Structure formats: structure tokens, C-alpha cells
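The next block holds one structure in the form of C-alpha cells; read it before the comments.
The values are calculated or read from the model by the stated rules, or taken from the named source; none is laboratory data. Just so we're clear, the structure is a prediction, and the values are computed from it rather than from any experiment. A quick note on method: Cβ atoms are made from the backbone with ideal geometry, for glycine too, and the neighbour counts reach across all protein chains shown. Ligands, DNA and RNA are excluded from the accessible area calculation, which covers all protein heavy atoms including side chains. Shrake-Rupley method; radii C 1.70, N 1.55, O 1.52, S 1.80 Å.
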Amino acid sequence: MGQEISRIRFEPGDFEQFSARLALETDLLERWLRQGRFDQTSYVAGFELEAWLLDRNFFPFPINEAYLKRLNDPLVVPELSKFNVELNGTPQSLTGRALGALETELTATWRRCLAVAHELEGTLVMIGILPTIRERDLTLANVSPLNRFHALNHEVLKLRGGRPIRLDIAGRERLQLTHRDVMLEAATTSFQVHLQAPAEEAARYYNASVLLSAPLVAVSANSPCLFQKQLWDETRIPLFEQAVDTGDAGHPECRRVTFGSGYLHDSAAECFRENVERYQVLLPIQFDDGPDGLRHLRLHNGTIWRWNRLLVGFDGQATPHVRIEHRVMPAGPSIVDMIANAGLYLGAARFLAGLKIPPEVDLPFAQARENFYRAARDGLAAEVVWLGGSRVDVRTLLLEEIVPMAREGLKILGVEEEESERYLGQNGAAWQRAHLEKHGRDCFRLTADYLEHQRTAMPVHEWDV
């Protein structure tokens with residue numbers, strides 16, 4: 001979905017032609033994987049961070065077009081709404097001081113972004129859901145002026161037969177409403193970690209990512225409220241799933257935002273084949289270049305938001321690679337927290353994917369999915385079923401199993417021990433709830449205090465309430 005497109009309305013023939021080229025490129029990807037054409041040696045990490053532009057009253061500030069023009073940084077790009085932007089990191093080989101390099105670059109980019117926001121009499125915040133967001137902010141008047149976003153809205157509503165989006169989230173309180181477009185998605189901002197591994201190991205890393213989704217969403221949860229209601233610890237999860245729901249209620253595994261339909265068995269190709277067989281084309285744009293760029297496959301894949309999404313990319317020598325986009329973690333609370341969570345994921349994924357007996361054989365996919373939604377709802381207080389059927393609370397699971405796995409996995413990768421020691425074990429997803437309990441439903445004070453703490457660059461477990 002990062003590719004801009006030239007049109008926002010399509011004819012039936014456009015879908016037929018796109019589907020034919022999509023099928024051709026999917027066959028080509030499967031052949032390349034069988035032939036060993038994909039990168040088979042690299043372990044690389046990267047990230048995307050979605051952030052909010054705020055005005056002086058802590059409301060969303062819809063100025064990203066002027067903001068990005070003044071910033072003029074290729075690492076920072078527009079998002080769905082005019083009050084969101086996306087910060088990207090340069091991919092880092094997973095060895096040595098990789099985590100430190102990711103943090104250093106993100107810190108430098110963030111400081112430049114803040115400086116330009118201040119020049120425009122605003123600021124920037126990284127948080128899963130902005131406490132001061134109002135439903136009236138989430139309209140097409142605030143959509144970024146890019147064709148792909150307008151086309152996405154049109155096609156999602158077309159698949160729904162014109163019916164409005166229905167939101168129903170039951171947490172500590174319940175929120176029910178209807179909305180006329182996909183802009184509810186703009187209320188969900190995340191920190192997406194990318195992990196490139198050798199293509200022949202992609203299935204193992206994908207399955208490890210699925211297993212880790214529950215503890216990672218619990219330790220990073222940062223979205224407890226929406227429209228003045230306290231909902232899930234990570235409300236961003238059900239909000240995003242429902243915001244672009246195309247209406248296939250009978251087959252939840254085929255929703256555009258999904259935990260997926262199962263583990264991979266042998267190859268990354270299984271995900272892309274499922275894309276063709278289960279998901280209707282949303283954006284049938286025709287590209288003029290040949291099939292070797294896999295552009296139709298990549299565009300279609302970009303309109304299916306699995307919480308663990310396989311991506312295809314190319315290096316400077318046009319060698320294709322496969323990477324996992326781990327999408328379960330929200331933005332914030334601090335850069336240190338996010339890099340800690342990235343290290344936790346990267347190290348634990350390496351450890352689990354390298355086990356002689358695949359750990360996923362000890363945990364059915366349906367249970368991994370149930371763990372994920374339970375952890376998104378209850379955060380660190382969630383109880384989940386872990387490998388072998390043992391029942392454990394997420395906090396204990398993290399401390400006794402996931403953190404040691406991550407340390408060992410980072411060691412195997414060659415990430416310096418001092419780095420893994422520095423970044424692991426930090427959490428603090430309950431800060432917003434504690435603030436609301438102490439100060440009441442003052443979302444402006446919550447946002448102001450959150451922003452003040454974030455500016456200190458301290459991890460969230462050191463923030464006072």
C-alpha cells in the first residue's frame with residue numbers, strides 16, 4: 001500500500017486483467033522459491049513507526065502535506081490521514097550493535113520531525129490511539145490527498161454493498177457505533193518490526209512470529225481507550241480489524257485485517273497463494289513493467305493486513321528476499337520501549353525458528369489465535385496457553401521464558417550481549433489506565449502528561465503517574 005496509484009475508479013475489465021497478472025506473478029514467485037532464487041543468507045531488521053501530528057490543544061493537526069514538504073526527508077512519508085505520518089528505518093544486518101543502530105537513527109529522525117512540527121506550531125506523539133481523538137476527526141475531509149487512500153475507501157465500501165462500517169468493541173466498557181468510511185483506521189498507529197530471514201527458513205520464522213504475537217502485544221499494549229471509553233489494553237487490534245471489514249462475517253480468517261488462517265507448512269509461497277484464492281482484488285492497477293518486479297503481487301498483498309504479514313522485496317542487485325512484518329505492536333510509549341520490544345521479538349523469533357522440533361507442533365494455531373486476542377484485551381494480566389498445553393499468565397511467560405529466549409536468540413545472531421541486556425525486560429503498558437484511574441477521564445491531561453514523559457526519552461516503567 002506504499003505505492004501510489006494513478007486512478008481511484010475501476011471497471012470490471014481492470015479486475016480481470018489485474019487478476020490474470022496477479023496469478024502469473026504468484027506462479028513466478030513459487031517457481032523462484034523452488035529454484036532458490038531468493039536470498040538465503042541474510043538476517044536483517046527494520047521498522048516503520050506511525051505517529052500523530054498534534055496542535056497546541058492536543059487535538060489531531062491535519063497538516064501532513066505542508067509538514068512533509070518542509071521536513072523533506074525520504075524516511076518520513078504520508079499515512080492515511082492528514083494528521084499521521086510514517087517514519088522508516090534503514091535496514092540493519094542483525095549482528096553487532098544492530099539494536100543500537102536502529103535506536104540511534106530513529107532518535108535522530110524523531111528529533112528532526114519534532115523540530116519541524118514545532119516550526120508549524122504543533123508537535124508529534126507516538127501512541128497507539130490518541131486519547132483526544134474524536135469521531136468527527138475521522139472523516140474523508142482529513143484523508144491524505146493520495147489516490148490509493150481514496151480508492152481503498154471506495155472499494156471497501158463497494159464490497160460491503162454500501163453499508164457503513166459497524167464498530168462494536170467490548171472491553172472494560174463497550175463502544176458501539178457506525179461510521180461511513182474507512183477513516184477509523186487512521187486512529188490506529190503502530191510500530192511495525194521487519195525481520196528478513198533466509199527464504200528457505202521463512203515458514204519457521206512466520207510460525208514463530210505467530211506464537212510470539214500474544215506476549216508481544218501484551219508487553220507493548222498502549223491503546224486502552226477510544227472516544228472516552230476504556231476498552232481493550234490494545235484497542236487498536238479490534239479497531240483496525242473492524243475499520244476495513246469488507247463484510248465476510250462467515251469467514252473471519254478471510255477478513256482484510258486478520259490473524260491468519262493457519263501456520264505455514266513448507267514455504268512462504270503458501271501466503272501468497274492464499275492471497276489469490278481467498279481475497280478479492282481491491283486496487284486493480286496495471287503496471288507497465290514485466291512480471292519480474294512482482295508489482296501486482298506486492299500491491300495485492302499490501303491490501304491484506306495479516307498481523308504477521310509476509311512481504312517480498314529486492315536488494316540493490318535485484319535479488320528478491322522474504323521478510324516478516326510483525327504488526328502487533330503499537331507506537332510508543334518511548335523509543336527505548338519500542339527498541340526493547342523489537343529486540344524481544346527478533347531474538348525470540350530467532351530462538352524459536354532454530355529449534356530442532358518446530359514449537360508450533362505443540363500449540364494449535366487456533367490456540368495461538370485465542371492467546372493473541374486474549375492478550376490484546378487483557379494485556380499483561382492475560383492468561384494464555386503456552387507450548388505443551390501449560391496455562392500461564394503473560395507476565396510470568398515473558399519473564400521466565402520469552403526474555404531468556406530473546407537473549408539466547410540475539411546471542412545466536414551475534415548481537416552484542418550488552419545490547420540485549422540493555423533492551424530486554426522493559427514494559428509498562430498499564431500507564432495510561434493508571435493515569436485515568438488517578439486523574440479521572442481527563443483525556444487532555446492524559447495526553448499532556450504522556451507527551452511530557454515521552455519527551456524525556458525515559459522508558460515507560462520509569463514514568464510517574
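Just tell me which lysines come within less than 24 Å, Cα to Cα, of K158; anything on the same chain fewer than 8 places away is out.
Answer for K158, where 24 Å is the Cα cut-off: K82, listed by chain and number.
Positive end of the dipole of segment 21-133, charges at C-beta (+1 Lys, Arg; -1 Asp, Glu), about the Cα centre: which of F38, A51, A101 has its Cα farthest in that direction?
Of F38, A51, A101, it is F38.
Can you list, bin by bin at 5 Å, the percent of alpha carbon pairs in segment 12-78, starting at 0?
Calculated P(r), rounded to whole percents: 3, 11, 11, 10, 9, 10, 14, 16, 9, 5, 1, 0.
Would any residue of segment 123-152 have its amide N under 20 Å from a label point 7 Å out along Cα→Cβ of F444? List them or say none.
Under 20 Å, as judged by backbone N against the label point of F444, lie 123-125, 130-138 of segment 123-152.
How large is ³J(HN,Hα), in whole Hz, for each residue of segment 333-349 in order, when computed from phi with the Karplus curve 6.51 cos²θ - 1.76 cosθ + 1.60 and θ = phi - 60°, using x for Gly and Pro?
So the Karplus estimates, Gly and Pro as x, are x, 9, 4, 4, 4, 5, 5, 4, 5, 4, x, 4, 5, 4, x, 5, 4 Hz.
What's the ranking of 11-20, 138-147 by average number of surrounding C-beta atoms within 10 Å, highest first? Working shown, then result.
Numbers: 11-20: 13.2, 138-147: 16.3.
So the peptides 11-20, 138-147, ranked by packing, come out 138-147, 11-20.
How large is the dipole of segment 261-355 about the Cα centre if only Lys and Arg carry +1 and Asp and Glu carry -1, each at its Cβ, rounded to the nearest 20 debye? Before the final figure, lay out the partial values.
Working: 9 positive and 10 negative charges, 53 e Å.
Roughly 260 debye for segment 261-355.
Would you mind checking which residues have amide H under 5 Å from S190's amide H? H placed 1.01 Å from N; only 5 or more apart, or other chain.
Excluding prolines and chain starts, which carry no amide H, the hits are E50, A331.
Which one of P358, Y345, C271 is farthest out on the positive end of the charge dipole of the chain, using unit charges on Cβ (Lys, Arg +1; Asp, Glu -1) and the Cα centre as origin?
C271
What does the helix-only formula give at 222 nm for the chain: each DSSP H stretch with n ≥ 4 adding -39500 (n - 2.57), the total divided by the residues, and the result rounded to the nearest 500 deg cm²/dmol? Mind showing how you got there, number by number?
Numbers: 15 runs with 188 residues, N = 465.
Helices in the chain give a 222 nm mean residue ellipticity of -12500 deg cm²/dmol.
Could you size up the charge dipole of the chain around its Cα centre, putting +1 on the beta carbon of Lys and Arg and -1 on that of Asp and Glu, and report it in debye to the nearest 20? Kindly include the intermediate steps, with their values, before the conclusion.
Details: 51 positive and 64 negative charges, 189 e Å.
With Lys and Arg at +1 and Asp and Glu at -1, about 900 debye.
Please work out how much accessible surface I8 shows to a 1.4 Å probe, ignoring ligands, DNA and RNA, in Å² rounded to 10.
About 60 Å², rounded to the nearest 10.
Using only C-alpha positions, report the orientation-averaged shadow area of the convex hull of segment 75-138, nm², one decimal.
Numbers: hull surface 21.5 nm².
Seen from a random direction, the Cα hull of segment 75-138 projects 5.4 nm² on average.
When every alpha-carbon pair in segment 332-465 is counted, what percent end up more than 21 Å apart?
On the way: 4515 of 8911 pairs.
Everything past 21 Å amounts to 51 percent.
Could you pull out every one of the aspartates and glutamates with an alpha carbon less than 12 Å from that of K438, ignoring same-chain neighbours closer than 8 positions?
D464
Compute the Cα gyration tensor for segment 298-375, then decide on rounded, prolate or oblate, letting a ≥ b ≥ c be the square roots of its eigenvalues: rounded whenever a/c is under 1.5, prolate when a/b is larger than b/c in the other cases, and oblate in all that remain.
rounded
Could you order the peptides 370-381, 197-208 from most to least packed, using the average number of other C-beta atoms within 10 Å per residue?
Most protected by this proxy first, the peptides run 197-208, 370-381.
Determine ³J(HN,Hα), in whole Hz, for all residues of segment 407-412 in sequence, where each value follows from phi through the Karplus function 6.51 cos²θ - 1.76 cosθ + 1.60 and θ = phi - 60°; x replaces Gly and Pro.
4, 5, x, 5, 5, 4
Measure off, as a whole percent, the carbon and sulfur share of the 1.4 Å-probe accessible area of segment 71-140, all protein chains present.
Numbers: 1360 of 2620 Å².
Looking at segment 71-140 in its full context, I get 52 percent from C and S.
Could you tell me which of rounded, prolate or oblate describes segment 213-282, using a ≥ b ≥ c as the square roots of the eigenvalues of the alpha-carbon gyration tensor, with rounded for a/c under 1.5 and, failing that, prolate when a/b is larger than b/c and oblate otherwise?
Numbers: a/c = 3.31, a/b = 1.59, b/c = 2.08.
The shape class here is oblate.
Which value, to two decimals, describes the C-alpha radius of gyration of segment 249-345 once divided by 2.2 N^0.38 Å? Spell out each step's value before the answer.
Values: Rg = 15.5 Å, N = 97, 2.2 N^0.38 = 12.5 Å.
Normalised by 2.2 N^0.38 Å, the Cα Rg of segment 249-345 equals 1.24.
Give the long-range amide H neighbours of L310: residues separated by 5 or more places, or on another chain, with amide H under 5 Å away, using H modelled in the peptide plane at 1.01 Å from N.
Placed amide hydrogens put E325 under 5 Å from L310.
Using modelled amide H (1.01 Å from N, peptide plane; none on Pro or chain starts), what sits under 5 Å from the amide H of W305, excluding residues fewer than 5 places away?
V257, T258
Can you tell me how the chain classifies by the Cα gyration tensor, rounded, prolate or oblate, using a/c under 1.5 as the rounded cut? Walk me through the numbers before you get to the answer.
Working: a/c = 1.34, a/b = 1.07, b/c = 1.26.
It comes out rounded by the Cα gyration axes.
Tell me, what HN-Hα J-couplings in whole Hz come from the Karplus equation 6.51 cos²θ - 1.76 cosθ + 1.60 at θ = phi - 60° for each residue of segment 109-114, using x for Gly and Pro?
Ordered by residue, 3J(HN,Hα) equals 4, 4, 5, 5, 5, 4 Hz.
Identify, among I169, P320, L120, the residue whose Cα sits farthest towards the positive end of the charge dipole of the chain, taking +1 on the Cβ of Lys and Arg and -1 on the Cβ of Asp and Glu, with the dipole about the Cα centre.
I169
Residue separation times 0.36 nm, minus the C-alpha to C-alpha distance between T456 and D288: what's the value?
Values: separation 168, 0.36 × 168 = 60.48 nm, distance 4.88 nm.
Residue separation times 0.36 nm, minus the Cα-Cα distance, leaves 55.6 nm.
In nanometres, what is the gap between the two model label sites at Q280 and N57, each 7 Å from Cα along Cα-to-Cβ?
Distance between label points: 4.0 nm.
Given Cβ point charges of +1 (Lys, Arg) and -1 (Asp, Glu) and nothing else, what value in debye, to the nearest 20, does the dipole of segment 107-249 about its Cα centre take?
It comes to approximately 280 debye.
So with the 1.4 Å probe, I'd like the accessible area per residue for segment 303-459, rounded to whole Å². Don't skip to the answer; put the middle values down first.
Values: 6070 Å² over 157 residues.
Value for segment 303-459: 39 Å² per residue.
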